[in-house]
Amino acid sequence: QVQLVESGGGLAQAGGSLTLSCAPSGRTFSMSTMAWFRQTPGKDREFVAVVRGSEESTYYGDSVKGRFTISRDSAKNTVYLQMNSLKPEDTALYYCAATPTYISDYARGQSYYYWGQGTQVTVSS
């Protein structure tokens, strides 16, 4: 019954900003680890960012480090991705993932139990 619902995708110009959000619907419970991934045709799913644990530690993929910021409202199990200084190569289908367990291999998609439906981000030049 638990489903992650994403929003905030759309079209942005290079150098612009977008904010994505992902919140659970239906029955909910605490998600220790919440992450963002992205995917484009012909490429494997790419890790973008993660927030995990009670300390809310964050880690980022090399391609977005310094430009994207992940945060969450732990009480609502809602995760956000603030994307600044967007580049055309950021164009992808972005989706969130979550699992109730604290995991070490946070960049591995198979580590996550719940997934969002995905939201398209397109960056024009």
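When the alpha-carbon atoms of segment 1-93 are used, the pair Rg, Dmax equals 13.4, 38 angstrom. Here each label is just a point 7 Å from Cα along the line to Cβ, and for Ser125 and Val5 those points are 3.7 nm apart.
In Å, the Kirkwood hydrodynamic radius of segment 41-125 over pairs of distinct alpha carbons? With all distinct Cα pairs of segment 41-125 included, I get 13.8 Å. Contact order, relative form, for the chain: 36 percent (alpha carbon pairs under 8 Å, 6 or more residues apart, mean separation divided by residue count). When both segment 25-60 and segment 93-111 are represented by their alpha-carbon centers, they are found 5 Å apart.
In a fully extended conformation the segment linking Asp73 and Asp44 would gain 7.6 nm over its present Cα-Cα distance, using 0.36 nm per residue.
Every read-out reported here was derived from the displayed coordinates using simple, explicitly stated rules and does not represent laboratory data. All of these numbers come straight from a predicted model, not from anything done at the bench. In this analysis, Cβ positions are derived from the backbone assuming ideal geometry, glycine residues included, and neighbour counts consider all displayed protein chains.
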